[in-house]
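The values are calculated or read from the model by the stated rules, or taken from the named source; none is laboratory data. Treat the numbers as computed from the prediction; the structure is a model and nothing was measured. Note that we place each Cβ from the backbone using ideal geometry, even for glycine, and neighbour counts take in every protein chain shown. For accessibility, only protein heavy atoms count, side chains too; no ligands or nucleic acids. Shrake-Rupley method; radii C 1.70, N 1.55, O 1.52, S 1.80 Å.
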Amino acid sequence: MTIDHTVQVRINGEHRRVNEGISIAELVSELGFDPVRVAVERNLEVVPRSTLRDVAVEDGDELEIVRFVGGG
Amino acid sequence: MNVENPVKADRWSVAGRSFTSRLIVGTGKYKSLEENAAAVEASGAEIVTVAVRRVNVSNPNEPMLTDFIDPKKITYLPNTAGCFTADDAIRTLRLAREAGGWNLVKLEVLGEAKTLYPDMRETLRATEVLVKEGFEPMVYCVDDPIAAKQLEEAGAVAIMPLGAPIGSGLGIQNRVTIRLIVEGAGVPVLVDAGVGTASDAAQAMELGCDGVLMNTAIAEAKDPVMMARAMKAAVEAGRLAYLSGRMQKRRYADPSSPLAGLI
């Protein structure tokens with residue numbers, strides 16, 4: 001946490017600073033994705049879609065945001 | 001069975017879900033999502049496999065597979081392609097379940113990049129964990145009747161032996177073991193991987209398999225949409241041939257025209 005009220009997280013392997021207290025749903029939307037069409041893992045635990053609005057991002061969080069793509 | 005349309009009346013089911021089409025197609029390797037969607041349509045498939053991958057954070061506007069193939073009309077079967085350990089596969093499927101909201105998944109745990117042969121020790125371990133967590137895994141495996149039995153005992157809802165290595169197009173290499181798996185299984189058996197052309201798919205069905213899963217054979221054909229139609233026809237033809245009970249083989253000729261009345 002810093003004076004500018006941001007926290008450092010890693011999203012899909014990349015470091016980013018995001019606003020302190022932001023929920024995962026807000027973060028996903030801010031990145032330009034529809035929270036209904038992705039799945040999110042936080043520190044190796046799946047975050048149920050129903051709680052994405054309630055879970056606040058914390059300093060040091062490792063987030064994975066995934067979707068379905070073509071595959072065999 | 002309905003004589004007018006025997007294929008339509010002949011449904012199969014996996015984990016309580018019933019389907020008409022016995023062809024499952026992958027959605028990888030297509031030139032475009034449009035071509036992919038057209039091939040799925042032509043194949044008549046009701047299930048498609050999909051992969052779970054990171055979103056591209058730097059480009060949120062990339063087209064989505066779900067915009068082209070509607071998951072409300074076609075059952076998405078999330079896979080674990082690219083996973084080389086049970087833990088990676090389990091992690092991937094937990095995310096897939098959250099993304100899709102269903103438990104029916106395709107498990108594959110690969111042993112090495114060169115052959116993409118399954119690692120059966122890890123596959124079996126992953127199957128056990130997934131079943132405990134409420135998943136219904138359809139499991140990619142070696143064409144080994146004992147491994148197939150072990151997977152079924154562990155709770156696999158379908159057994160999916162390879163016909164040949166993934167993406168090889170070599171066709172079914174060991175018809176004897178595929179048939180042994182079919183005879184021993186109490187759950188659906190689908191040949192997954194190795195199909196190269198229509199006759200390979202027909203052969204899988206003639207061996208009594210419940211279905212066939214393929215990706216590259218369609219996606220890498222010069223005309224994928226036409227090949228998708230060919231595969232649909234081949235799976236139906238093979239299934240009908242299996243159900244009809246083929247003639248016995250003989251070592252010598254047996255004339256088809258009557259011998260009586262010869263001039």
**Message:** Testing B:Tyr30 on (1) within 7 Å of chain A (Cβ to nearest Cβ); (2) part of a strand (DSSP E or B), one condition comes back false. Which one is that?
**Reply:** (2)
**Item:** Count of the stretch B:50-69 residues which are open to solvent by less than 60 Å² (accessible area, probe 1.4 Å) and assigned to a strand (DSSP E or B)
**Value:** 3
**Prompt:** Within the set of pairs 6+ apart or on separate chains, which have a first residue in the stretch B:124-146 that is over 15 Å from B:Val187 (Cβ atoms), a second that is crowded, with 24+ Cβ neighbours inside 10 Å and hydroxyl-bearing (Ser, Thr, Tyr), and C-beta atoms under 9 Å apart?
**Reply:** B:Ala126/B:Thr80; B:Val142/B:Thr123
**Request:** May I ask you to say which residue of A:Glu20, A:Glu41, A:Glu62 is in contact with a strand residue (DSSP E or B) (Cβ under 7 Å, 6 or more places away or on another chain), more than 12 Å from chain B (Cβ to nearest Cβ) and modelled with pLDDT of 95 or more?
**Result:** A:Glu62
**Selection from the stretch B:199-224 of residues that are among the polar types (S, T, N, Q) and not in a helix (DSSP H, G or I)** = B:Asn215
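For the stretch B:222-263, how many residues meet the condition of being of a type in the set (Gly, Ala, Ser) and within 22 Å of the chain's Cα centre (by Cα)?
Of all residues in the stretch B:222-263, those of a type in the set (Gly, Ala, Ser) come to B:228, B:230, B:233-234, B:237-238, B:241, B:244-245, B:253, B:256-257, B:260-261.
Filter once more, keeping what is within 22 Å of the chain's Cα centre (by Cα): B:228, B:230, B:233-234, B:237-238, B:241.
Residues in the stretch B:222-263 being of a type in the set (Gly, Ala, Ser) and within 22 Å of the chain's Cα centre (by Cα): 7 in total.
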**Prompt:** Could you say whether any residue in the stretch B:202-221 is charged (D, E, K, R), under 18 Å from B:Thr49 (Cβ atoms) and open to solvent by 20 Å² or more (accessible area, probe 1.4 Å)?
**Reply:** yes
**Asked** How do the pairs read when you match residues in the stretch B:238-263 that are touching a residue at least 12 places away in the same chain (Cβ under 8 Å) with residues anywhere that are in a loop (DSSP other than H, G, I, E, B) and open to solvent by less than 100 Å² (accessible area, probe 1.4 Å), using Cβ under 8 Å and keeping only pairs 6 or more apart or on different chains?
**Response** B:Arg239/B:Asp10; B:Arg239/B:Arg22; B:Tyr242/B:Leu207; B:Tyr242/B:Gly208; B:Leu243/B:Asp10
**Prompt:** So which residues in the stretch B:83-101 are in contact (Cβ under 8 Å) with a residue 12 or more places away in the chain, in a loop (DSSP other than H, G, I, E, B) and open to solvent by 40 Å² or more (accessible area, probe 1.4 Å)?
**Reply:** B:Phe84, B:Thr85
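Can you name every one of the strands (runs of 3 or more DSSP E) wholly within the stretch B:121-198 that holds 1 or more residues which are farther than 19 Å from B:Tyr76 by Cα and touching a helix residue (DSSP H, G or I) at 6+ places or on another chain (Cβ under 6 Å)?
Once the strands (runs of 3 or more DSSP E) in the stretch B:121-198 are filtered for at least 1 residues that are farther than 19 Å from B:Tyr76 by Cα and touching a helix residue (DSSP H, G or I) at 6+ places or on another chain (Cβ under 6 Å), what remains is B:136-141, B:158-161.
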**Output for the stretch B:196-240, where each listed residue is under 18 Å from B:Glu46 (Cβ atoms), among the β-branched types (Val, Ile, Thr) and touching a strand residue (DSSP E or B) at 6+ places or on another chain (Cβ under 9 Å)** = B:Val212, B:Ile218, B:Val235
**Request:** Tell me, yes or no, whether the stretch B:76-89 has at least one residue that is facing another protein chain (nearest Cβ under 7 Å) and of a type in the set (Val, Ile, Thr).
**Result:** no
**Request:** Report those strands (runs of 3 or more DSSP E) wholly inside the stretch A:1-65 carrying at least 1 residues which are β-branched (Val, Ile, Thr), touching a residue at least 24 places away in the same chain (Cβ under 8 Å) and at negative phi.
**Result:** A:6-11, A:14-19, A:39-42
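So which residues in the stretch B:103-120 are outside any helix (DSSP H, G or I), hydrophobic (A, V, I, L, M, F, W, C) and crowded, with 17+ Cβ neighbours inside 10 Å, if there are any at all? So that I can check it myself, show each step before the final result.
Pass one, the stretch B:103-120, residues outside any helix (DSSP H, G or I): B:103-119.
Going one step further and asking which of them are hydrophobic (A, V, I, L, M, F, W, C), we end up with B:104-105, B:107, B:109-110, B:113, B:116.
Passing the criteria: B:Leu104, B:Val105, B:Leu107, B:Val109, B:Leu110, B:Leu116.
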**Request:** Specify the residue that is nearest to the other protein chains (Cβ to nearest Cβ); the eligible residues are those in the stretch B:148-168 that are over 14 Å from the mean Cα position of the chain (by Cα) and either open to solvent by 10 Å² or more (accessible area, probe 1.4 Å) or not small (Gly, Ala, Ser) (or both).
**Result:** B:Ser168
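State whether one or more residues within the stretch A:62-71 are of a type outside the set (Lys, Arg), open to solvent by 90 Å² or more (accessible area, probe 1.4 Å) and out of contact with any Ser or Thr (no Cβ under 8 Å at 6 or more places or on another chain).
Applying the first criterion (of a type outside the set (Lys, Arg)) to the stretch A:62-71 yields A:62-66, A:68-71.
Okay, now just the ones that are also open to solvent by 90 Å² or more (accessible area, probe 1.4 Å), so none.
No, the conditions are met nowhere in the stretch A:62-71.
When you go through B:Leu77, B:Leu33 one by one, which is the residue that is touching a strand residue (DSSP E or B) at 6+ places or on another chain (Cβ under 9 Å) and either open to solvent by 10 Å² or more (accessible area, probe 1.4 Å) or more than 24 Å from B:Leu130 (Cβ to Cβ) (or both)?
Of B:Leu77, B:Leu33, the one residue that is touching a strand residue (DSSP E or B) at 6+ places or on another chain (Cβ under 9 Å) and either open to solvent by 10 Å² or more (accessible area, probe 1.4 Å) or more than 24 Å from B:Leu130 (Cβ to Cβ) (or both) is B:Leu33.
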